[in-house]
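Here the structure is laid out as structure tokens; the discussion comes afterwards.
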Amino acid sequence: MKKLTREFYNRDSVIVARELLGKVLVHEVEGQKVAAKIVEAEAYMGIEDRAAHSYGGKRTPRVEVMYGDPGFSYIFIIYGMHYCFNIVTREKGTPQAVLLRAAEPLQGIEQMAQTRYKKPYGQLTKSQRKGLTNGPGKLCKALSINKNFNGMDLCGDELYIEEGEPQEFNIITTTRVGIDYAGEAREYPWRFYIEGNEYVSVK
DNA sequence: CCAGCGATCGAT
DNA sequence: TCGATCGCTGGG
């Protein structure tokens, strides 16, 4: 299966966010593949985007990786306890990113169930099954992605995104979640998800 | 040095 | 609907 290239990520976040739908996020843990199909993503457009961490050119140690090359991970902690996984887009110096908000488990599902709930998949309730990866913090937990993966090259062999199977789906475009502080930017249609997919976080 | 806050989650 | 929980940030 083909891995996404640096060039794929070297475009505006709104384009990359849309095109990431249906692609497969892979984390190879000790030779074991844990993989999930991306079903929801949001674009953060950088300097001009009040909702972005790099808004107004803000440049701090946390945000630094956003100013680097495309195709690297930007991971931050939210609400003191959850991780959010982002992918840096556009060329060096243009601090944009795409936030992965939800995914559908494909491979290593037992691993995910164990990591999230300390139980075999078979013992999970229906709601727990859906809850494996239907949110930004949840998908990080399920794929064992934490702060140690900040600044990692997604064109490498440990954490990456691959093409996935060809498929048909409709894309829903809406406003982003949890950015009420962002003024006018809260109205921007920069959230994308696969219509009808049960792993989407908020319909 | 330190207080306030947040791109969330899970239980109620 | 609400409490948990803590790294990052900016101001002093």
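Scan the stretch A:1-15 residue by residue and report those that are touching a Phe, Trp or Tyr at 6+ places or on another chain (Cβ under 8 Å) and not in a loop (DSSP other than H, G, I, E, B). Across the stretch A:1-15, the qualifying residues are A:LYS3, A:SER13, A:VAL14.
Scanning the stretch A:16-33 for residues that are outside any loop (DSSP other than H, G, I, E, B) and loosely packed, with under 14 Cβ neighbours inside 10 Å returns A:GLN32, A:LYS33. Within the set A:ILE75, A:ILE38, A:ILE87, the sole residue that is within 15 Å of the chain's Cα centre (by Cα), within 12 Å of DNA strand B (Cβ to nearest atom), closer than 20 Å to A:GLU158 by Cα and surrounded by 22 or more Cβ atoms within 10 Å (Cβ to Cβ) turns out to be A:ILE87. Counted as qualifying within the stretch A:94-203 are the strands (runs of 3 or more DSSP E) with 1 or more residues that are among the acidic types (Asp, Glu), namely A:96-107, A:159-162.
The set of residues in the stretch A:118-150 that are among the hydroxyl-bearing types (Ser, Thr, Tyr) and within 14 Å of DNA strand C (Cβ to nearest atom) contains only A:SER127.
When A:CYS155 is tested against (1) more than 9 Å from DNA strand B (Cβ to nearest atom); (2) of a type outside the set (Val, Ile, Thr); (3) more than 22 Å from A:MET66 (Cα to Cα), just one condition goes unmet, and that condition is (3). Each residue in the stretch A:157-177 was checked for being touching an Asp or Glu at 6+ places or on another chain (Cβ under 8 Å) and of a type in the set (Asp, Glu), and 2 pass. Within the stretch A:180-198, the set of residues being surrounded by 13 or more Cβ atoms within 10 Å (Cβ to Cβ) and either touching a Cys at 6+ places or on another chain (Cβ under 9 Å) or at pLDDT below 95 (or both) comprises A:ALA182, A:ALA185, A:ARG186.
Of all residues assigned to the stretch A:92-103, none qualifies as being crowded, with 21+ Cβ neighbours inside 10 Å and more than 18 Å from the chain's Cα centre (by Cα). So which residues in the stretch A:47-72 are closer than 22 Å to A:LEU21 by Cβ, more than 8 Å from DNA strand B (Cβ to nearest atom) and either of a type in the set (Asp, Glu) or in contact with a Gly (Cβ under 9 Å, 6 or more places away or on another chain) (or both)? Answer for the stretch A:47-72, where residues must be closer than 22 Å to A:LEU21 by Cβ, more than 8 Å from DNA strand B (Cβ to nearest atom) and either of a type in the set (Asp, Glu) or in contact with a Gly (Cβ under 9 Å, 6 or more places away or on another chain) (or both): A:ASP49, A:PHE72.
The values are calculated or read from the model by the stated rules, or taken from the named source; none is laboratory data. Quantities reported herein were computed from a predicted structural model and do not represent experimental measurements. FYI the Cβ positions are ideal-geometry reconstructions off the backbone, even for glycines, and counts take in every protein chain you see.
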